[in-house]
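Please read the structure below before turning to the comments.
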Amino acid sequence: DAGVTQSPTHLIKTRGQQVTLRCSPKSGHDTVSWYQQALGQGPQFIFQYYEEEERQRGNFPDRFSGHQFPNYSSELNVNALLLGDSALYLCASSSDLRAETQYFGPGTRLLVL
Amino acid sequence: KQEVTQIPAALSVPEGENLVLNCSFTDSAIYNLQWFRQDPGKGLTSLLLIQSSQREQTSGRLNASLDKSSGRSTLYIAASQPGDSATYLCAVEVDNDMRFGAGTRLTVKP
């Protein structure tokens, strides 16, 4: 079992561009959550996908959007990038958020110049 | 709004010491609390998960306690080792939303 995988590992973009990050959940998991972790801070919840729908959303603007595919993999899209979007983006998967540990991927480090 | 605070922000101890990391949260209506470990530039590894109905969990040299009424959790690490050096994060779950503290950066010196 490969666990949670994310791609790419690193990414450099310029202000105003758009970016797409990808996540494949751990085998047997159907729920995917995305987090943003700025340097020196704890992760902040962006949103969660279950059954191809956004189930819960944190305090992030509409520039952040996502998608979940029938195979449970997920994408995070960020439009009109700002310098402040530079962060480590973490994906986590689970089968039941309240009963099980969430498994986190290694993250995608995004740098916006 | 749920706020999670971790004290201290950083801690340096000699190898072999027992240590305690603290986590506090403002709203006791949580589903669970987790402690994670994060190595520099890496993702999170779950260490211990405590359901809201539980008081503590143990795994090897780690013991985590939960006191919902006071909004506190502690992570006890026994006989610390240099390999324990990492950032430790606590997180509480409320309505499919996990709220994290900023972490405690632990350094264990040989």
What's log10 of I(q)/I(0) for the protein assembly as shown at q = 0.07 Å⁻¹, Debye sum over Cα points only, no solvent?
-> -0.22
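How much of the pair distance distribution for segment B:9-56 lies past 15 Å, counting alpha-carbon pairs only, in percent? Let's see the in-between values first.
Working: 708 of 1128 pairs.
Cα-Cα pairs in segment B:9-56 separated by more than 15 Å: 63 percent.
Can you figure out the FRET efficiency of A:N79 with B:S12, using R₀ = 30 Å and their beta-carbon distance, to the nearest 0.05? Don't skip to the answer; put the middle values down first.
Details: r = 42 Å, r/R0 = 1.41.
Step by step, r from the Cβ atoms, then E = 0.10.
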For segment B:31-42, just list the computed ³J(HN,Hα) in residue order, Karplus coefficients 6.51, -1.76 and 1.60, θ = phi - 60°, integers in Hz, with x standing in for Gly and Pro.
-> 8, 7, 9, 10, 10, 10, 10, 9, 7, x, x, 10
Chain A: longest segment with zero exposed trypsin sites (Lys or Arg not before Pro), where exposed means DSSP loop plus at most 14 other C-beta atoms within 10 Å, is residues A:16-62
Which of A:P8, B:M98, B:S69 sits farthest toward the positive end of the charge dipole of the protein assembly as shown, with +1 on the Cβ of Lys and Arg and -1 on the Cβ of Asp and Glu?
-> A:P8
Three principal axis extents, largest first, for the C-alpha atoms of chain A, in Å?
-> 38, 25, 24
More than 26 Å apart: what percent of Cα pairs in chain B qualify?
-> 13
Rounded, prolate or oblate: pick one for segment A:56-112, where a ≥ b ≥ c are the square roots of the eigenvalues of its C-alpha gyration tensor, a/c under 1.5 means rounded, and failing that, prolate if a/b is larger than b/c, else oblate.
-> prolate
Assuming R0 = 25 Å, what is the FRET efficiency of A:D30 and B:S52, from their Cβ-Cβ distance, to the nearest 0.05?
-> 0.60
Gap separating the Cα centres of segment A:54-113 and segment B:24-62, nearest whole Å = 21
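When only C-alpha pairs under 8 Å and at least 6 residues apart count, what is the relative contact order of chain B, in percent? It would help to have the intermediate numbers written out before the result.
On the way: 280 pairs, mean separation 40.9, N = 110.
Across chain B, relative contact order equals 37 percent.
May I have the convex hull volume per residue, in Å³, for the Cα set of segment A:1-53?
Details: hull volume 6.2 nm³, N = 53.
Convex hull volume per residue, Cα atoms: 118 Å³.
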Segment A:85-93 - phi-based ³J(HN,Hα) in whole Hz, Karplus 6.51/-1.76/1.60, Gly and Pro as x | 7, 4, 4, 8, 9, 10, 10, 10, 10
Any idea what the dipole of chain B comes to, in debye rounded to 20, about its Cα centre with Lys/Arg Cβ at +1 and Asp/Glu Cβ at -1?
-> 120
Full-stretch length increase - B:T26, B:S59 - with 0.36 nm per residue and alpha-carbon distance subtracted = 9.2 nm
Tell me which aspartates and glutamates have Cα within less than 14 Å of B:K109's Cα, excluding those fewer than 8 residues away on the same chain?
-> B:E15, B:E17, B:D84
Magnitude of the Cβ-charge dipole (Lys and Arg +1, Asp and Glu -1) of the protein assembly as shown about the Cα centre, nearest 20 debye, reported as 620
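Relative contact order, percent, of chain A when contacts are C-alpha pairs under 8 Å separated by at least 6 residues? If you can, show how the numbers build up before the last one.
On the way: 294 pairs, mean separation 41.3, N = 113.
Once divided by the residue count of chain A, the mean separation gives 37 percent.
No value in this document is a laboratory result; all are computed from the given coordinates. Computed from a prediction, not measured in an experiment: that's the story for all the values here. FYI the Cβ positions are ideal-geometry reconstructions off the backbone, even for glycines, and counts take in every protein chain you see.
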